[in-house]
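As structure tokens, the structure follows; a few thoughts come after it.
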Amino acid sequence: MRYDILLVEDEAVVACDVRHRLERLGYAPARLATNGAEALRMFNERTPDVVLMDIVLDGPMDGIELAGHIRAEAHTPIIYLTGHAAPDILHRAKITEPFGYILKPFEDRELHICIEMAIYKSRVDNDLRAKERWFASTLRSIPDAVVTVDGAGRITYCNDSAERLTHQPRAELLGARFGQSIPLCDALRTDYTDPAALVAPGYGPLHFSDAATLGTPSGSVPVEIRISPLHDANGTDAGAVLVMRDVTERRRAEETLHATLDDLQRAFRQTVSALAATSEKRDPYTAGHQARVAQLACALASRLDLGAHAIEGVRVAAMLHDIGKIHIPSEILAKPTRLSDLEMSIMRMHSEVGHDILREISFPWPVADIVLQHHERLDGSGYPHGLAGDAILPAARIIAVADVVEAMSSHRPYRPARGLGLAFDEIMSGRGARYDAAVVDACQSLFAEGFTFDQPNG
Ligand SMILES: [Fe+2]
Ligand SMILES: [Fe+2]
């Protein structure tokens, strides 16, 4: 056992005896100091693993005073070897927190056990202190404010971030009532005056997303709060720990992001409208057709519970469904009489042209395919590819019905408006065959409830 033992003993015979005993027990030769000053010097030269010390020493410093100096320097275990057991000496010795107190005369075995226990306990204590330091510095270093409260709502701990966040020194926070020192308001009206009461026993941590604000001398700070129950070593409720995070920067970033997103969405809608208007410029008779189809198609999609994202996809595709007509000669578009077969086949190209125009745009919906399919029919009688059944996208089926209803109720170059009645005759006669039955039913119920187009049709 190569422990470094410092023996402090002023009586040469006793010192010699103890050193021999130690060597007999297998320890390395102990360093010997005969008075307090010498012991301190030797201690400072090299910190021993354990100090064996007589209480009554030559010179002005006795063993107990020496122990006080050593305790101030380090946590080295001290074992008193003494013939004195008077209550006043014991009392003074106790204050220096010795690891052992051996009364002379003593057995080798007693000395051995005491040294081994002292060194073992000292190492365990050192490990514990190192862990405590690590925990303390971790809590100090984290940017979140950490505050603990006892069962009565009094603050028992706060880290540096809590001092900074609340603008209050630790000395004022410790022992104060949480609700009085740290004023928190909550949009959800949660009462933080007694945080421990908020965490029900047996439940996990509570997370209050950034609904709370903390009052500080420099204004309100939005904070995110987590509260966890604290338990003592016996598992009994011992209050709560609150972690508060300043979310000012995050709020600002979110607001900027939302504003940017709003701008982008506005620009996107305006771009889609501009594209739709461009394609309608050459065909004044159908001006507003796509916007009206979009209005009805969105109402149908909503009635069919498609969800907000899918409904927006229907709106965009409907706004642009006839964009391919930009490629059709004006004479055909504006022809006041019925189209010949050749003219009709040219006119029918608009679905594919629209697809070609839109397919390179990365919409979050299959807009180009929906536009390509808006004249397809469930029974395969449509164009351009004669798709049938589930091969036709749901949005294309919706736009197909909205397109027919709007077109038939509007004026066309070659005919006056036929009116809603005939439009409904058409979709009802094709219900479940050419047109999706659910869409037709939704359309009927919408008009029965008073649906009207916002923009006047041609
Ligand atoms: Fe069309
Ligand atoms: Fe159309």
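The values are calculated or read from the model by the stated rules, or taken from the named source; none is laboratory data. Predicted, not measured: the structure shown is a model, and the values here were computed from it. Counting neighbours? That spans all protein chains shown, and the Cβs are built from the backbone with ideal geometry, glycine included.
Listed by position, the helices (runs of 4 or more DSSP H) inside segment 349-428 whose residues that are within 12 Å of ligand 2 (Cβ to nearest atom) and either among the hydrophobic types (A, V, I, L, M, F, W, C) or crowded, with 17+ Cβ neighbours inside 10 Å (or both) number at least 2 are 350-358, 394-408.
Of all residue pairs spaced 6 or more apart or on separate chains, none has beta-carbon atoms under 8 Å together with a first member in segment 344-360 that is touching a residue at least 24 places away in the same chain (Cβ under 8 Å) and a second member that is of a type in the set (Lys, Arg) and away from ligand 1 (no atom under 13 Å from the Cβ). Restricting the search to helices (runs of 4 or more DSSP H) fully inside segment 1-90 and requiring at least 3 residues that are surrounded by 13 or more Cβ atoms within 10 Å (Cβ to Cβ) and touching a residue at least 60 places away in the same chain (Cβ under 8 Å) gives 12-24.
Taking the listed residues Ala294, Ala317, Ala334, the one that is within 16 Å of ligand 2 (Cβ to nearest atom), under 19 Å from Glu406 (Cβ atoms) and at pLDDT below 90 is Ala334, with no other qualifying. Search segment 347-380 for residues being within 13 Å of ligand 1 (Cβ to nearest atom) and of a type in the set (A, V, I, L, M, F, W, C), and hand back the single one that is nearest to the chain's Cα centre (by Cα). The extreme case among them is Ile370. When the residues of segment 162-195 are filtered to those that are under 17 Å from Ile227 (Cβ atoms) and polar (S, T, N, Q), the one that is surrounded by the fewest Cβ atoms within 10 Å (Cβ to Cβ) is Thr193.
Against the numbered list (1) touching a residue at least 24 places away in the same chain (Cβ under 8 Å); (2) in contact with a helix residue (DSSP H, G or I) (Cβ under 8 Å, 6 or more places away or on another chain); (3) not in a loop (DSSP other than H, G, I, E, B), Ile311 comes up short only at (1). Note on segment 223-252: residues that are in contact with an Asp or Glu (Cβ under 7 Å, 6 or more places away or on another chain) and under 14 Å from Leu165 (Cβ atoms) amount to 6.
Of all the residues in segment 384-409, those that are more than 13 Å from ligand 1 (Cβ to nearest atom) and farther than 22 Å from Gln295 by Cβ number 7.
Matching residues to (1) of a type in the set (Lys, Arg); (2) within 16 Å of ligand 1 (Cβ to nearest atom):
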| site | (1), (2) |
| --- | --- |
| Asp237 | no, no |
| Val241 | no, no |
| Thr260 | no, no |
| Leu264 | no, no |
| Arg269 | yes, no |
| Arg292 | yes, yes |
| Ala308 | no, no |
| Gly313 | no, no |
